[in-house]
Protein chains: 2
Amino acid sequence: MEFTRRDFFRGSAAAVVAGLVSRVASAADDPLPSWNDGGTKRAILNFVHMTTDRSSSKFVPEPERVATFDQDGTLWVEHPIYTQVVYCFERVPAVVKAKPELANTEPFKTILSGNLEAIEGLSMSDLEKIAAATLTGMSVDEFEELAKNWLDNARDPRWKKLHTELIYQPMLEVLLFMRANGYKTYIVTGGGQDFVRSYSEKTYGIPPEQVVGTAGGTTYGYDKSGKPFLTKDPRLLLNDNNAGKPEGIHLIIGRQPYAAFGNSTGDRQMLEYTKAGDGERLAMLLLHDDAEREYAYGPAQGLPDTKFGTFTQALYDQAKSNGWFVISMKNDWNRIFS
Amino acid sequence: MEFTRRDFFRGSAAAVVAGLVSRVASAADDPLPSWNDGGTKRAILNFVHMTTDRSSSKFVPEPERVATFDQDGTLWVEHPIYTQVVYCFERVPAVVKAKPELANTEPFKTILSGNLEAIEGLSMSDLEKIAAATLTGMSVDEFEELAKNWLDNARDPRWKKLHTELIYQPMLEVLLFMRANGYKTYIVTGGGQDFVRSYSEKTYGIPPEQVVGTAGGTTYGYDKSGKPFLTKDPRLLLNDNNAGKPEGIHLIIGRQPYAAFGNSTGDRQMLEYTKAGDGERLAMLLLHDDAEREYAYGPAQGLPDTKFGTFTQALYDQAKSNGWFVISMKNDWNRIFS
């Protein structure tokens, strides 16, 4: 639309301006502009209204307002491989440099070979060895610095953007909308708690104390000058996947969430646990069905299967029968990235 | 002071009233009225001022303002026996009723005997068995209800008051003062995380997500109707004493505290860790040296030794050489309980 000076002198000019103003105002009034109108968007708006309106029978006091969000595949891109796994693979050369004897030991040898097919074929136990070697053994502060440096530079091969730029704008709007309404927003991730903490505050406005993730222990000790520090060690305290999600929520938060968002079978128990609470509760699953703007995967609704991020047909059916909402990336979102 | 109608008609009346108003105002201005003037009180006031004044070189942004407080012996009475241990002992009859075979098994037999000398002599391994039997095996919700009910009724034998009434007014003032200045206040306790959570919000205004304590795992499952719930199980995830305190702080908070308060060797590493951070940090230990108004114990400064809550002379010396403050209950506090 283009304005000419003449438009303002025509009878229709006032109507044009009024139309523009109303569109701007409605965008400003709409806390979820990247969501298309529909049942999913309405469910979020209604839920927040119902639980925060003092006159509502479903009103929730502010200290109890907890909303939990899975991270990989729910807040940012997880396909075709989790970002943290890429981090671990790319740390292997430095780890081998420090411990040269690993160069001829599996699975490090395979990683160093760069043979993608062989890397794809690594078992879960191989991946655990790589995780232990690249995520533990250093101080908490050293790890944070390494992770931050990597994230400031590593780019997604498809979009050539930083991983922290590939976060979903519609979900960011949900985070902001819920926080503006007194909800504490938590990430509850199968990813490493310390890894996600290293960028969650800057990327999502979620502080470290609101990240629940897969966590190993730490060991307290002193450096040569007698200064205390914590070393990350491989002892697993919390595997924050599947049943580990509600268990981790109890450990770190101690409250049952009122809303939970996920995208795979790893989030099933978190959503069940959320919906099991009294009063109004919201559970949502993101379906990646947009091959053009992002990806389409997970066998639900006949989408192609994938190694990670499984959205099975059984999960889809459970969502439908339990009153969970399925977000269609393709249909519900008019914009994907921030 | 007594006013007569005549005072108001004298020249001095205005001065009397002005004096009164100024005294009321200065009490209102003093966030720590239960603290006597002195180095300890001044250290708290100065620390908060320095870290929250934007023009100060020691200014700390609000999201980073974390203060941690030990609970037993720092926020409430721990002598002569931890309240939670009393809870466990008093739960034993109900546990034995449900599992009659325990009646003739140690250490349950000793507890049921009521023989105080024998109970005093129980080993740590005995106490662990009692803890496992009384604190685990039920759902998280059931446990919370049991703990709340007990705390609503159990009274301290010396003061005949609820345990939650035997909290230290001066420390409550510190909690409120720090929160009023943007600090997040956390309890970091060797006590059970779920036990302390059951009263921390009502008693101290500290919500469950700000309680770090000794924590066992939970197991996710479903009841007969298919409703999910968490069962407390005896697998220890975090022993939140000694080095476990900084380790627990990293696990649950993920930030190094700016201020920490404790009262025994179990708090040593938390205070070291706090002081190891950059900028201005505050570390304080409460010395129980007031046999008349509360108790005097812990071998520091020649006080009598005790089974629990050890404030050793070595800890006292470390405090002095590391710039930690020692709070003398007798000299620094003009009031003990709320």
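The values are calculated or read from the model by the stated rules, or taken from the named source; none is laboratory data. No experiment lies behind these values; they were computed from the predicted model shown. In this analysis, Cβ positions are derived from the backbone assuming ideal geometry, glycine residues included, and neighbour counts consider all displayed protein chains. What goes into the accessible areas is simple: the full protein's heavy atoms, side chains included, and nothing from ligands, DNA or RNA. Shrake-Rupley method; radii C 1.70, N 1.55, O 1.52, S 1.80 Å.
Odds and ends about this structure:
- Qualifying residue in the range A:110-117 (condition: open to solvent by less than 30 Å² (accessible area, probe 1.4 Å), of a type in the set (Asp, Glu) and over 21 Å from A:THR231 (Cα atoms)): no
- A:ASP223 touching a Gly at 6+ places or on another chain (Cβ under 7 Å), acidic (Asp, Glu) and either more than 7 Å from chain B (Cβ to nearest Cβ) or closer than 17 Å to A:GLU144 by Cβ (or both): no
- Any hit, the range A:141-155, residues being closer than 30 Å to A:ARG54 by Cβ, away from chain B (no Cβ under 14 Å) and in a helix (DSSP H, G or I): no
- Entirely in the range A:31-120, the helices (runs of 4 or more DSSP H) that have 3 or more residues that are farther than 30 Å from A:GLY277 by Cβ: A:83-98, A:108-113, A:116-120
- One residue from B:LEU237, B:LEU285, B:LEU175 being part of a strand (DSSP E or B) and more than 12 Å from chain A (Cβ to nearest Cβ): B:LEU285
- Scanning the range A:179-198 finds one or more residues that are more than 30 Å from B:ASP240 (Cα to Cα), more than 12 Å from chain B (Cβ to nearest Cβ) and in contact with a helix residue (DSSP H, G or I) (Cβ under 7 Å, 6 or more places away or on another chain).
- Scanning the range B:160-176 for residues that are surrounded by 15 or more Cβ atoms within 10 Å (Cβ to Cβ) and either free of Cβ contacts under 8 Å to residues at least 24 places away in the same chain or in contact with a Gly (Cβ under 6 Å, 6 or more places away or on another chain) (or both) gives a single hit, B:LEU162.
- Residues that are among the hydrophobic types (A, V, I, L, M, F, W, C) and buried (at least 19 other Cβ atoms within 10 Å of the Cβ), drawn from the range A:281-295: A:LEU282, A:ALA283, A:MET284, A:LEU285, A:LEU286, A:LEU287
Yes or no, residue by residue, for (1) surrounded by fewer than 24 Cβ atoms within 10 Å (Cβ to Cβ); (2) closer than 30 Å to A:ARG235 by Cβ; (3) among the β-branched types (Val, Ile, Thr); (4) touching a Lys or Arg at 6+ places or on another chain (Cβ under 9 Å):
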{"position": "B:ARG158", "(1), (2), (3), (4)": "yes, no, no, no"}
{"position": "B:VAL188", "(1), (2), (3), (4)": "no, yes, yes, yes"}
{"position": "B:THR214", "(1), (2), (3), (4)": "yes, yes, yes, no"}
{"position": "B:ASP223", "(1), (2), (3), (4)": "yes, no, no, no"}
{"position": "B:ASP233", "(1), (2), (3), (4)": "yes, yes, no, no"}
{"position": "B:ASN242", "(1), (2), (3), (4)": "yes, yes, no, yes"}
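Per-residue answers, yes or no, for (1) in contact (Cβ under 8 Å) with a residue 60 or more places away in the chain; (2) open to solvent by 10 Å² or more (accessible area, probe 1.4 Å); (3) of a type in the set (Val, Ile, Thr):
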residue: B:LEU45; (1), (2), (3): no, yes, no
residue: B:SER57; (1), (2), (3): no, yes, no
residue: B:GLU64; (1), (2), (3): yes, yes, no
residue: B:PHE69; (1), (2), (3): yes, no, no
residue: B:ILE81; (1), (2), (3): yes, yes, yes
residue: B:GLN84; (1), (2), (3): yes, yes, no
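- Identity of the residue in the range B:312-328, of a type in the set (A, V, I, L, M, F, W, C) and out of contact with any strand residue (DSSP E or B) (no Cβ under 6 Å at 6 or more places or on another chain), that ends up farthest from B:ASP37 (Cα to Cα): B:ALA314
- Contacts under 9 angstrom Cβ, first residue in the range B:311-338 being within 18 Å of B:ALA291 (Cβ to Cβ), partner assigned to a loop (DSSP other than H, G, I, E, B) and among the β-branched types (Val, Ile, Thr), 6 or more apart: B:MET329/B:ILE336; B:PHE337/B:VAL77
- Given (1) at pLDDT below 95; (2) over 22 Å from B:ILE167 (Cα atoms), number of the condition B:ARG91 does not satisfy: (1)
- Options A:GLY254, A:GLY277, A:GLY266: the member that is of a type outside the set (A, V, I, L, M, F, W, C), within 14 Å of chain B (Cβ to nearest Cβ), open to solvent by less than 30 Å² (accessible area, probe 1.4 Å) and free of Cβ contacts under 8 Å to residues at least 12 places away in the same chain: A:GLY254
- When residues of the range A:123-151 are limited to those that are closer than 18 Å to A:GLU78 by Cα and open to solvent by less than 100 Å² (accessible area, probe 1.4 Å), the one nearest to the chain's Cα centre (by Cα): A:LEU151
- Odd one out for B:ARG179, checked against (1) surrounded by fewer than 18 Cβ atoms within 10 Å (Cβ to Cβ); (2) under 24 Å from B:GLY217 (Cβ atoms): (2)
- Scoring A:THR312 on the criteria (1) more than 14 Å from chain B (Cβ to nearest Cβ); (2) open to solvent by 40 Å² or more (accessible area, probe 1.4 Å); (3) over 18 Å from the mean Cα position of the chain (by Cα); (4) hydroxyl-bearing (Ser, Thr, Tyr) leaves a single failure, condition (2).
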